[in-house]
Amino acid sequence: MTAKRRRWTPQAKLEVLQRIQAGESASVIAAEWGLDESEIELWARRYRTHGFIGLHHKAMQALRKMERAL
């Protein structure tokens, strides 16, 4: 049986990214929060590309839908 994925709030995602920007280790934060580093990398990429709105699940769904339509 697969575990249900946890949804993180945009504020929580931003907190993780700010801690990394402040110099904390991504691997330490990932272990502390029960995350894969790849998930943090995804958040960082979305944040760089779209800003804070990129950390919102529903907004990213809408952006992907619009990109596919182009």
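Taking the condition open to solvent by less than 40 Å² (accessible area, probe 1.4 Å), within 12 Å of the chain's Cα centre (by Cα) and without any contact (Cβ under 8 Å) to a residue 40 or more places away in the chain, does Ala30 pass? When the stated conditions are applied, Ala30 passes them. When residues in the range 24-65 are screened for being in a loop (DSSP other than H, G, I, E, B) and modelled with pLDDT under 90, 1 of them pass. Give me the residue from the range 34-62 that is more than 13 Å from Leu14 (Cα to Cα) and among the hydrophobic types (A, V, I, L, M, F, W, C) and, out of that set, most open to solvent (accessible area, probe 1.4 Å). Taking the candidates together, the pick is Ala62.
The values are calculated or read from the model by the stated rules, or taken from the named source; none is laboratory data. Bear in mind the structure is a predicted one, so any value in this text is a computation, not a measurement. Because the Cβ atoms are built from the backbone with ideal geometry, glycine has one as well, and the counts that use them run over all protein chains shown. Side chains included, ligands, DNA and RNA excluded: accessible areas come from the protein's heavy atoms. Shrake-Rupley method; radii C 1.70, N 1.55, O 1.52, S 1.80 Å.
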